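Taken together, the values in this text are just the output of simple stated rules run on the coordinates, not laboratory data. Worth saying up front: this structure is predicted, and the values here are computed from it rather than measured. Cβ sites come from the backbone with ideal geometry, for glycine too, and all protein chains shown count toward neighbours.
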Amino acid sequence: MSDSLLSVRDLRVSLGSGRKRTRVLHGVDARVDAGEIVGLIGETGSGKTTLARSILGLNKFDSGTVRLAANAHSTDSSIDNSGSTDIGSLSPRALRAFRRAGDMQYVFQDPLQSLDPDLTVFASIAEGLQVRATRTFAARGEVGATRQSLRARVENALDLVGLPTSLADRVPGDLSGGQRQRVAIARAMILEPRLLICDEPVSALDATNRIAMLELLSSLRYSRPGIGLLFISHDLGSVAGITDRILVLYRGVVVEEGTTAEILRAPKHPYTQLLVGSAPTLTGGESDRERRRELRVLLAATE
Amino acid sequence: MFRAALRQPIGAISATILLAVVLLAIIGPIVAPFDPLAGDVKLILAGPSAEHWLGTDALGRDVLSRLLAGSPLSLLSAVEAVAIGLLLGVIPGLLSVYLGRTFEWVTLRLMDSLITLPFLVFAIAMTALLGNGLHQAMFAVGILVSPGFYRVTRSAALAAASSQYVEAARLVGASPWWVLRTHLWRKVAPAVAVSTAGTLGAGLVIVSSLTFLGIGVEPPEPTWGGMLATDLGYLYQRPYGPFIPALLIMITVGALNGLADALRDATGIPRTKTTRAIRPRRAPRIPTERSTVDVQR
Amino acid sequence: MSSVDQSPTSVSETSVLAPAVSDTAAPLLRVTNLRVSTGTADLVRGVSLEVHRRGSLGIVGESGSGKSLTCRSILGILPPGLTVADGDISFDGINLTDLSYNDWLPLRGNRIAAVFQDPSSYLNPSISVGKQLVEVLRVKSGLRRRAAYTRAIELFVSMGLRNPEVVFWQYPFELSGGMLQRVLIAVALSGDPDLLIADEATTALDVTVQAEVLDVLSDLKQSRDLALILVSHDLAVVAQVCDSVIVMKDGEIVEAGPTSEVLRNPQHPYTQLLVKNHARYGIEKYLDDDLVVDLPEAVFADV
């Protein structure tokens, strides 16, 4: 669909080299429209990380396309006739230019590893803007090679994620896990992306912090209207509270897709049923256990 | 990093000693009371006296003056060797992380072969080839110490280059040069600093050994190693003779190694990932899928 | 469950007893007024709880709530610098607070066992998992090699591990998190303990695998006459398996009682918050659940 913000078509990706090369994604179709929140649910080994990395252009694909819709500000070099950027076909230089434009951003799962421990929060968040400024004169003007405008933008980003601006001069080691996660989001959001991909946004947080994070992520729709959000998670229950649509990835294939309500109320594929049945609820009981046992046997038989 | 090293006792002591030695090298030749090359035949192998603090050598030359005059040569030669080593080691080390498999393989094998060559033999062979000068010898030594710098740089750069924060930088379109400047440098510099201090010490020992053997310096040019050699010839008459240059060499090398230790301790505190066992258990963890990191893209 | 013994549930801040829920009269484990201190600060205060044979107690709290320290006190493995400053821990009549290392040997592993969060850090990566289990069997239970092998295979089967003979010879890196955790539960059960403590044992696992492990733990309650203490930051996880629950915050128990009651009628604001968060962001709202209907109005004020 040309209206989709992100469209993935028949993506096939293999990893490893030589004899160890195995196909991880077997023709994945996915889409994220502007303004919606999509959850991509899959367990370890389902290929979800590979899918995310392929969308970001960090993996080469065997076949298939990943397209991000262009808008008035997209760099001309990357747009082709369909009016979108084909990530897979970009040369390394074009890919770098595309990334500098910042249309698509990624929030890593573990901020302890994704934030340089030697850089202050300010430096980490501002990095994207500074990289942009080294290239384009326009960007330099926009960023204002002045520290003040850079500072102002970083403070805005901190505000957006609900962190006090006084944290800007601390290093990641001084912050709590939840705060670090927010810094990672601020780093992504400062570039004003149209698509934000978050890897396991709440899995590393405990119960109360999770809620705060989900609220923050869901609020991005209002502070940045039109933004498309893609959450990758192994736990349906953790993101179902805010997603509009859900894609279930199992063994490198999207086995089911639908609105959150459809998936949760009437899951069709056995794996989806197992996912829904496995999410801990406050009223889980013996009947659920039986059903899970049946589903596991069913799935094991298909191996 | 340096400040942290100086805060440790061994770092402070070593740095002071080295400062004194460097001062010696700079002003030594100027304040030398006597001409190091001029000998007073009447005062051969004299013991320490008010006029000649450390006595005179076999040709009546003032030992103290010779020591002071010889400092710059010995020290500078060591620095020269290390500088060449740095150039030939650090740059390929950094590049090997970025320029692809072939470059990586070639440089690794090259460095492996260099490691197998013995220092002195190679240095001597080089002087035979290129002429008997200290510069040629130190050039040879520089080549031979470069694998150490290569490996140290490469391992620090490799660890940093495959980290998530570098990947995050690439995802905002950072060039390899930006990544190097902003992220890698801070991780590589401490390791290189420690290596440099240690290698300077080793370099000084090598210079002394070479000049002891008479390689690279034509007498009567004074050097610490050379003095040691000549003094050994007159042990009977002046038994304490060799101790003086030897002590100077030992103190300097010891101080350099001490500085290297202090630097290593100062930078050894893990500020990146702490191992699972000691990381405070604040948040639950989940398994991550492993995927190949494609450095090029 | 059988007769619910309603001991008075006084919800004072300092001393709350979890009501006994089980067949036998005297509790297997009784903790009274536990206080764990660093010398200058109290990290756990006034904690009292009881667990009966075949009973299952859940401890819910976020990081810093003192739940792990409570478990570690029971096991006698507090980190250096922390001591049990006050209170009693009584296990089947034995006072656990002042046992020496040698006194602990017949208890730990044989009568009280534990599994923790990250399975791979508790296994030697260079020895096959089966051999590690055999080692425990031979040392703790004094079995001979062949008997130990047979018993190890039996334990693996009871954990639901398919192809136990194959798994026996596999190394930790070849197994998934869920399988490793089940191996560790097998190790924990090898001495036929009376009490099993699972401290965030499923937190690091994918949700489907978590459900599987929790199902295993549930089955164990019945099949092995085992008392279980399950610690988690997620109220729902505890709700799946435990008959009674205590909620900890900042080192104290804020609520305690039979699970169904606590969930149906949470008294303390913190517990209410946890329940409300589930209602708002969990998948419960999509499932037709009695729970949602039964919660008091106030809890739903802003859902």
At a 10 angstrom cut-off on C-beta neighbours, averaged per residue, how do the peptides B:155-161, C:168-174 rank from highest to lowest? B:155-161, C:168-174
Alpha carbon Rg of the stretch C:20-144, scaled by the compact-globule rule 2.2 N^0.38 Å: 1.18
Other chains' Cβ within 10 Å of A:173-181 residues: what's the mean? 2
What ³J(HN,Hα) values, in whole Hz, does the Karplus curve 6.51 cos²θ - 1.76 cosθ + 1.60 give for the stretch A:11-21 when θ = phi - 60°, with x put for Gly and Pro? 7, 10, 10, 10, 10, x, 10, x, 5, 8, 6
Neighbour counts of other C-beta atoms within 10 Å: give me B:42, C:249, A:268 arranged from fewest to most. B:42, A:268, C:249
Can you pull the Rg over Rh of chain B, Cα-only, Kirkwood? 1.10
If one computes the Cα centroid of the stretch B:184-262 and of the stretch A:230-266, what distance in Å separates the two points? 69 Å
Simple label model, 7 Å out from Cα along Cβ direction - residue B:2 to residue B:121, nm: 3.9 nm
Most exposed to least, judged by fewest other Cβ atoms within 10 Å, C:154, A:155 sort to C:154, A:155
Going by amide H atoms built from the backbone, whose H comes under 5 Å of the H on residue A:250, apart from near neighbours? A:255
For chain C, size of Cβ-based charge dipole, Lys and Arg +1, Asp and Glu -1, in debye: 1300 debye
Taking a point 7 angstrom from the Cα of residue C:42 along the C-beta vector, which residues in the stretch C:80-103 have backbone N less than 15 Å away? C:83-88
Expressed to two decimals, the stretch A:167-212 has a Cα Rg over Rh, using the Kirkwood radius, of 0.99
Using Stokes-Einstein with the Kirkwood hydrodynamic radius over Cα pairs, what translational diffusion coefficient do you get for chain C at 20 °C and a viscosity of 1.002 mPa s, in µm²/s rounded to a whole number? 107 µm²/s
Taking a label point 7 Å from the Cα of residue B:40 along the Cα→Cβ vector, which residues of the stretch B:226-259 have an amide N closer than 20 Å to it? B:238, B:241
Take peptide A:115-121, look around each residue's Cβ out to 10 angstrom, count Cβ atoms belonging to other protein chains, and average those counts. 5
Local electrostatic count, residue A:229, Cβ distance below 15 Å [Lys/Arg +1, Asp/Glu -1]: -3
Residues other than residue B:54 with Cβ under 12 Å of its Cβ, Lys/Arg counted +1 and Asp/Glu -1, net out at -1
Scan around residue C:56 for amide H atoms under 5 Å from its own, H built in the peptide plane at 1.01 Å from N, and keep only partners 5 or more places away or cross-chain. C:228, C:243, C:244
Enter the Cα centre distance for the pair the stretch B:57-128 and the stretch C:87-112, rounded to the nearest angstrom. 64 Å
What spacing in nm lies between the two simple spin-label points modelled at residue B:49 and residue C:145, each 7 Å away from Cα in the Cβ direction? 8.5 nm
If R0 = 30 Å, then residue A:3 and residue A:23, at their Cβ-Cβ distance, give a FRET efficiency to the nearest 0.05 of 0.50
Tally the DSSP beta bridges in the protein assembly as shown and give the antiparallel ones as a percent, rounded to 5. 55 percent
Can you tell me the FRET efficiency between residue B:132 and residue B:58 if r is taken as the Cβ-Cβ distance and R0 is 22 Å, rounded to the nearest 0.05? 0.45
I need the helices of chain B that pass two filters: whole DSSP H segments spanning 20 Å or more by Cα along the axis, and mean Kyte-Doolittle score no lower than 0.5. B:9-31, B:63-98, B:134-161, B:185-212, B:243-267
Work out the FRET efficiency for residue A:62 and residue B:232 from their Cβ-Cβ distance, taking R0 = 60 Å, and round it to the nearest 0.05. 0.25
Neighbours of residue C:32 by Cβ distance under 12 Å: Lys/Arg at +1, Asp/Glu at -1, summed charge -1
Relative contact order computed over chain B (Cα-Cα under 8 Å; 6+ residues apart), in percent: 24 percent
Note the angle between two axes, namely the Cα long axis of helix C:177-189 and the longest principal axis of the Cα atoms of chain C, as a number of degrees from 0 to 90, rounded to the nearest 10. 80 degrees
Rounded to the nearest 10 degrees, what's the angle between the helix C:269-281 long axis and the longest principal axis of chain C, both from Cα atoms, 0 to 90? 80 degrees
Derived scalar couplings ³J(HN,Hα) [the stretch A:223-234; Karplus, 6.51 cos²θ - 1.76 cosθ + 1.60; whole Hz; x for Gly, Pro]: 6, 9, x, x, 6, x, 10, 10, 9, 9, 7, 8
Express the relative contact order of chain A as a whole percentage, based on alpha carbon pairs under 8 Å and six or more residues apart in sequence. 23 percent
Please say if the stretch C:83-126 is rounded, prolate or oblate, where rounded means a/c under 1.5 for a ≥ b ≥ c the square roots of the C-alpha gyration tensor eigenvalues, and otherwise the choice is prolate for a/b larger than b/c and oblate otherwise? prolate
Note to self, the protein assembly as shown gives a 222 nm [θ] from helices alone (DSSP H runs n ≥ 4, -39500 (n - 2.57) apiece, / all residues, nearest 500) of -14500 deg cm²/dmol
Between the modelled labels at residue A:253 and residue C:162 (7 Å from Cα along Cα→Cβ) the distance in nm is 1.7 nm
Taking a ≥ b ≥ c as the square roots of the Cα gyration tensor eigenvalues, with a/c under 1.5 meaning rounded and otherwise prolate when a/b beats b/c or oblate if not, chain A comes out oblate
Percent antiparallel among DSSP beta bridges (both partners in chain A, rounded to 5): 55 percent
Calculate the mean, over all residues of peptide C:177-189, of how many other protein chain Cβ atoms lie within 10 angstrom of the residue's Cβ. 1
Distant-in-sequence amide H partners of residue A:170 (H built 1.01 Å from N, under 5 Å): A:121, A:122
State the dimensionless ratio Rg/Rh of the protein assembly as shown (Rg: radius of gyration of Cα atoms; Rh: Kirkwood radius). 1.07
So for chain C, averaging the separation of alpha carbon pairs under 8 Å that are six or more residues apart and normalising by length, what relative contact order in percent results? 24 percent
Sort C:118, C:206 so that the residue with the fewest other Cβ atoms within 10 Å of its own Cβ comes first and the one with the most comes last. C:118, C:206
